[in-house]
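Chemist: Take this structure, written in structure tokens, and hold onto it; I'll ask about it next.
Please treat every number below as a calculation from the coordinates, not as lab data. None of the values given here were measured: they were computed from a predicted structure. Don't worry about glycine lacking a Cβ; one is built from the backbone with ideal geometry, like all the others, and counts go over all protein chains shown.
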Amino acid sequence: MSKATEDKTKQSQNKAASEPKNSSGTNADMAAQSETAEDTKKKTTEEAVKDALSKSDGSAVVDALSGATAAELKKLATKDTITKIMALDKASMDAALDMLYTYVTDVNLLISMVDARFGVPIGSAAVSDPNDISTVNMVKGWLASDGTPEQAWTLNGVQHVYATYMRLPQRDLDIIKAVLTLKTNQSSVSGAAYSQLGVYYVNYNNNKPNAKENGGHTESFARLKYGKTDSRNGLVMLDMTIAHELGHCVDASRGMLSDTPEFMAMSGWQKHPKSSPEQLFEAIVDSFNDPYPSDFSATEKDVAKKTGVEMITQRATDKAKRDAIIEKVVEDEYQEPENASSRNLLDKIFNPNSGGRNSASLIKALKKANAINHVVRGFADNSPWYSGELFSGMNRQIHEGYSWEDCWYSYKNEAWKRGKISRYQFRNPKEEFAELYGSYHVADPKGSHTPEPLKSWFESQGLDKMEGTEDKNATNVTPKQEKTTGGGGGKF
């Protein structure tokens, strides 16, 4: 290179170094370029979804949504976009809706998404099948006659329904004709299933939809007596109830698994028919170590039995009625011994069975007798399963599950002590099944809030499986048209 050329080249380099850089080289311009690229990226995501929807290409829609940010998903969760997504093939629609449902702000849109995704109408207005409309309207009529007409679901409530149903087997959701709500402003969560009809309702607190179980239905750590907190603690109450009530319908659709010997044996359930109040009272007596005062004579025990039987027969839930029964039975059935009033204290102590009480003393003693008292507290009206712990002095726990059932139930103490899902599971075997169903599916990971041996039994029945629609235990159940509280499934 000649010296003149070399000098010219250096001058050119120096000039380039001394002059301002062009727009592509400044920091400000580089930032602007980055923003432009980001805008392009956002548009690309939205355009990719819209382009795929215009071609009904479900796979491409899912791919585009999978790479979208939360902000993009929120922007895409519109009625127009979601309506088009719901027209896609089932697999693509499901995947797309699952990514978008949490960003939807229109409750009616979300209700239609639940129906499209799971085939479950939320609220009676969403029911379209003519065969289902009459059934749902019948249940609505029952609820209205009880003074609790159907209410509109809130966005919070429907979001929890969607999230819970994602964790439940589709074969089970296919049973449901409608899910209703009667209250969205109550302090806690409750529900009831009309199991044979495939209809249930859930009531909740719209201001606290994410509240977790902390002792409402369970034995909390503060009350712990047997060494294990109930496994339901920590689960979201609304989600648990949504699944629990469906569990009743699943139980009924499979011919009442909760009534099979194998299921009942796990907690030692036994039935004590109300049709034989004498035998039912004897079962209560047998469940106690000391059903009567130790000095009761055979005659006094016989009077006690007649008193207890009459209380069961009349379902004497109020004190005035119980007191009247005791006084009437003593008057009709007890002949006061001649020396009853004249016996002194020492005679009663050293010869407890040689004489007998006078009528007034027997009435007082009957009111204190364990067997008589347990008839009172064993009625469902007193929610004996919420006593907080096992009733002391009993070999087995025995009580009425629901007033409309034809029996009382008893279960072994060990079932409560070994570690349980909740106190509520021991209302009756149906509730134990529903608590098992809900706790298994709602927990993350599944089954982590379900104790043995219930967990192993549940899995052995294939109830844990998410896939498949055939089941050897499935039965065709003819809907019952008469009204029963909870439809045989129970009120939570």
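Chemist: Find how much the distance from Ser359 to Tyr386 grows on full extension, using 0.36 nm per residue of separation minus their present alpha carbon separation; answer in nm with one decimal.
Modeler: 6.2 nm
Chemist: Quick check: pseudo-label points 7 Å beyond the Cα along Cα→Cβ at Glu46 and Lys225, how many nm apart are they?
Modeler: 6.2
Chemist: Determine the relative contact order of region 41-105: mean sequence separation of Cα pairs under 8 Å and six or more apart, normalised by residue count, in whole percent.
Modeler: 36 percent.
Chemist: Taking the beta-carbon count within 10 Å as an exposure proxy, list Ile111, Ile133 from fewest neighbours to most.
Modeler: Taking fewest neighbouring Cβ atoms as first place, the list is Ile133, Ile111.
Chemist: Compute the signed sum of charges (Lys and Arg +1, Asp and Glu -1) over the other residues within less than 14 Å, Cβ to Cβ, of Arg315.
Modeler: Charge balance near Arg315 sits at -1.
Chemist: Give the Kirkwood hydrodynamic radius (Å, one decimal) of region 262-338, defined as one over the mean of 1/r across all pairs of different Cα atoms.
Modeler: 14.1
Chemist: Per residue, what volume in Å³ does the Cα convex hull of region 137-278 take up?
Modeler: Here the figure is 176 Å³ per residue.
Chemist: Here's a follow-up. For region 245-257, take each phi angle, set θ = phi - 60°, evaluate the Karplus expression 6.51 cos²θ - 1.76 cosθ + 1.60, and give the result in whole Hz per residue in order, putting x for glycine and proline.
Modeler: 5, 4, x, 4, 5, 5, 4, 5, 5, 9, x, 6, 4
Chemist: Cut-off is 10 Å between beta-carbons; in what order do Lys271, Lys417, Lys364 appear when sorted fewest neighbours first?
Modeler: Least crowded to most crowded, the residues run Lys364, Lys417, Lys271.
Chemist: Please tell me the relative contact order of region 233-313 in percent, rounded to the nearest whole number, where contacts are Cα pairs under 8 Å and at least six residues apart.
Modeler: The normalised contact order for region 233-313 reaches 22 percent.
Chemist: State, to one decimal in nm, how far the label point of Tyr103 lies from the label point of Asp63, with both points 7 Å from Cα in the Cβ direction.
Modeler: Once both label points are built, they end up 1.9 nm from each other.
Chemist: For Leu53, what charge total do you get from the other residues with a beta carbon under 13 Å from its beta carbon, if Lys and Arg give +1 and Asp and Glu give -1?
Modeler: In short, -4.
Chemist: Let me ask something else. Taking amide H positions as placed 1.01 Å from N in the peptide plane, with prolines and chain starts having none, which residues 5 or more places from Lys212, or on another chain, fall under 5 Å of its amide H?
Modeler: Amide H neighbours of Lys212, under 5 Å, 5+ apart: Met237.
Chemist: Here's a follow-up. What FRET efficiency comes out for the pair Glu414/Thr148, r = Cβ-Cβ distance, R0 = 30 Å, nearest 0.05?
Modeler: Efficiency, rounded to the nearest 0.05: 0.20.
Chemist: Using mean Cβ contacts within 10 Å as the protection proxy, how do 239-246, 49-56 order, highest first?
Modeler: Listed from highest to lowest mean packing, they are 239-246, 49-56.
Chemist: Within a Cβ distance under 15 Å of Asp290, other residues only, what is the Lys/Arg minus Asp/Glu net charge?
Modeler: Result for the neighbourhood of Asp290: 0.
Chemist: Evaluate 2.2 N^0.38 Å with N set to the residue count of region 41-105, then give the Cα radius of gyration divided by it.
Modeler: Its radius of gyration relative to the 2.2 N^0.38 Å reference: 0.94.
Chemist: What is the set of long-range amide H partners of Asp230 at a cut-off below 5 Å, with H atoms built 1.01 Å from backbone N?
Modeler: Glu219
Chemist: Once phi is turned into ³J(HN,Hα) by the Karplus curve 6.51 cos²θ - 1.76 cosθ + 1.60 with θ = phi - 60°, what whole-Hz value does each residue of region 100-107 show in order, with x for glycine and proline?
Modeler: 9, 4, 5, 9, 6, 10, 9, 4
Chemist: Kindly state, to the nearest 0.05, the FRET efficiency for Asp80 paired with Ser460, given R0 = 51 Å and r defined as their beta-carbon distance.
Modeler: 0.60
Chemist: Starting from the Cα of Gln279, step 7 Å along the direction of its Cβ; do the same at Ala87; then give the gap between the two resulting points in nm.
Modeler: Distance between label points: 6.5 nm.
Chemist: Viscosity 0.692 mPa s, temperature 37 °C: what is the translational diffusion coefficient of region 66-204 from Stokes-Einstein with a Kirkwood Rh over Cα pairs, rounded to a whole number of µm²/s?
Modeler: Roughly 208 µm²/s, to the nearest whole number.
Chemist: Would you work out the Kirkwood radius for region 365-424? I mean one over the mean of 1/r across all pairs of different Cα atoms, in Å.
Modeler: By the Kirkwood definition, the hydrodynamic radius is 12.4 Å.
Chemist: Residue by residue through region 119-134, what is 3J(HN,Hα) from phi via Karplus (6.51 cos²θ - 1.76 cosθ + 1.60, θ = phi - 60°)? Round to whole Hz and write x for glycine and proline.
Modeler: Couplings: x, 10, x, 9, x, 5, 5, 8, 6, 10, 5, x, 5, 8, 4, 5 Hz.
Chemist: Which pairs break 26 Å Cα to Cα here: Lys84/Lys465; Lys274/Lys321; Lys183/Lys274?
Modeler: Distance filter (> 26 Å) returns Lys84/Lys465; Lys183/Lys274.
Chemist: Stretched out fully, how many nm does the piece from Arg377 to Asp286 gain, at 0.36 nm a residue minus the Cα gap?
Modeler: That pair, Arg377 and Asp286, stretches by 31.1 nm at full extension.
Chemist: Counting only residues 5 or more places away or on other chains, whose amide H sits under 5 Å from the amide H of Cys407 once H atoms are built in the peptide plane?
Modeler: When sequence neighbours closer than 5 places are left aside, the close amide H contacts are Lys274.
Chemist: I've got another one for you. Kindly state, to the nearest 0.05, the FRET efficiency for Arg167 paired with Ser128, given R0 = 30 Å and r defined as their beta-carbon distance.
Modeler: 0.75
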